[in-house]
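No value in this document is a laboratory result; all are computed from the given coordinates. Given the structure is predicted, the values throughout are model-derived calculations rather than measurements. Because the Cβ atoms are built from the backbone with ideal geometry, glycine has one as well, and the counts that use them run over all protein chains shown.
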Amino acid sequence: MSASSMATESDLQSQSIPALFWKYTLPTIAAMLVTGVYVAIDGMFVGHFLGEEGLAGIMLGYPIASILYAVGALIGMGASALVSIKLGEGNHKQAKAIVGTAFTMCAIAALALSTIGLFWSSDILKWLGAEGNVYDAAKEYLDWYFLLGLFPVYSMAFSSLLRNDGKPTQVTYIMILGGVLNVILDWVFIVLIPWGLMGAAIATMLSQAVTAVLCLFYFIGKRSQLSLSLASIFPNWKICLHIAQLGSSSFLMYLYLSVVLTLHNKAFLWVGDAIHVAAYGIVSYTEAVFYLIFEGIALGIQPIASFNTGAKQFERVRQIRNIAFVATLFVATMGLILTYGFPEWVIYLFSGDNPTVYPVALEGMRYYFWGLPMEGLLLVGATYFQAINHPKDAALLTGGKLILIMVMLFFFSMLWDVHGVWLALPITSSLLCCWMLYRVKTLKSQ
């Protein structure tokens, strides 16, 4: 093992928790902010240059494509938490085998998902109610997403593993590069070469390819204590099962994002029309920026919590959890100030001076964004359960949210039409947040 690797493990066990929090979460939050900025800019390009139909098309297509990110998160977060626990136990050989197994899992999963997506995306879009130009744009977007689906799976999985190997700053630089490249390619493929949503998909996938290759490159050489080898990438099915079990909450978290976007789109088309889907796109892009910051906090504390769980340092685990909750509430408060204090600025960023979309998006923001603090706490709480090897609690939290939002959307849309659709998520998050905080309090060992 290298000297830097030993120093990293020593820091995780002995350095002050506040110092570790800043060391791991600041670069991770920065990386997520960059991701959030280029996701937002993606929406700006689509809204300004492709209009309402472009926004509606990407809002119908992206939730389907995001299954790739969900599976990448399952493998990456499951493997990362397991690696950290094994390193905390001093079992370096097993940690290396976990990384190799994750590499093979990514290849198998990406091939299967891309094949399924290319054959079934059309049927899903029709079920959602997409038609005409909106259907054509969304279908073109999905075709290219799934054709290049290998890249987001590896990017998600191995950026988590690289961060876990004591390189959070390096991951930040890689994600910044990918984000800048995505913005440049958006300009090229949407504005200079008018390829519409196909151009948006190609731009995103090429930036994901760069991120994936750079993260994998680190594990191919000898700089990492967890470097890949021919022996390590031969899948260990017991490890596969453990990764899947521990990563299930991350999968459900991302699947939830996909499903909740899809169900909102379906509900809006049921009780409203395409203009509500476009307005929801503006709201979702805005929320994504803050959600990614919450994700940065969650991902940043995961190696610290997992390592100290393996090392039986439970007081340090509790301390990092509490700091993460406070930081999450602070970010959420800033989000509420922005969205309720200056909503017209936010709407203009994504739709320009569009008098049709503006009043619908403004009303949606007022009904929707009060649930932002609860959304953040749920994300950090689920990742915390996962990090301390409580996969059932994490899965119950994210799986429960998935089921509850389905019920809420159905009944609330019947009761209050469009207003009910906007209210379903914040009410769901509030109820589950109460359960999550109760569960945290009742954990005996943590």
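Observations
- Paramagnetic label reach from residue 273 (point 7 Å along Cα→Cβ; backbone nitrogen cut-off under 17 Å): within the range 402-419, residues 418-419.
- Straight-distance crosslink candidates among lysines, where the alpha carbon sits under 16 Å from residue 238 and sequence neighbours closer than 8 are dropped: 86, 93, 96
- Stretch gain in nm, segment residue 438-residue 136, where the contour uses 0.36 nm per residue and the Cα spacing is subtracted: 104.1 nm
- Alpha carbon centroid spacing (whole Å) that separates the range 176-202 from the range 48-64: 14
- Taking the longest Cα principal axis of the chain as reference, the axis of helix 150-164 is set at about 40 degrees.
- Local electrostatic count at residue 80 - Lys and Arg +1, Asp and Glu -1, tallied over other residues with Cβ under 10 Å: 0
- Per-residue 3J(HN,Hα) values for the range 197-212, derived from phi via the Karplus relation 6.51 cos²θ - 1.76 cosθ + 1.60 with θ = phi - 60°, read 5, 4, x, 4, 5, 5, 4, 5, 5, 5, 5, 5, 4, 4, 4, 4 Hz in sequence order (x marks Gly and Pro).
- Once backbone amide H atoms are built at 1.01 Å from N, residue 313 has no partners under 5 Å, excluding neighbours fewer than 5 places away on the same chain.
- As a calculated quantity, the FRET efficiency between residue 236 and residue 119 at R0 = 35 Å, using C-beta atoms, amounts to about 0.70.
- Correct option for mean projected area of the Cα convex hull in nm² [calculated from the coordinates] among (1) 22.9; (2) 19.1; (3) 20.2: (2)
- The helix-only estimate of mean residue ellipticity at 222 nm for the chain, built from DSSP H runs of length n ≥ 4 each weighted as -39500 (n - 2.57), is -30500 deg cm²/dmol after division by the residue total.
- Two-site label geometry, residue 184 and residue 22: point separation in nm, points 7 Å out along Cα→Cβ: 3.3
- The chain: angle of helix 51-65 to the longest principal axis, Cα-based, in degrees nearest 10: 40
- Environment charge at residue 136 (Cβ cut-off 13 Å; Lys +1, Arg +1, Asp -1, Glu -1): -2
- Between residue 362 and residue 326, the simple spin-label model (points 7 angstrom out along Cα→Cβ) gives 3.9 nm.
- Partner lysines for residue 126 [C-alpha distance under 27 Å; skip if fewer than 8 residues away on the same chain]: 139, 266, 401
- Potential lengthening between residue 89 and residue 312 on full extension [0.36 nm per residue; Cα-Cα distance subtracted]: 79.4 nm
- Vicinal HN-Hα couplings computed from phi for the range 411-425 (Karplus, 6.51 cos²θ - 1.76 cosθ + 1.60; Hz; Gly/Pro x): 6, 5, 5, 5, 6, 10, 6, 4, 4, x, 5, 5, 7, 4, 5
- Full-extension gain in nm, residue 147 to residue 111, via 0.36 nm per residue minus C-alpha separation: 12.0 nm
- Acute angle (nearest 10 degrees) that the helix 357-368 long axis makes with the longest principal axis of the chain, alpha-carbon atoms: 50
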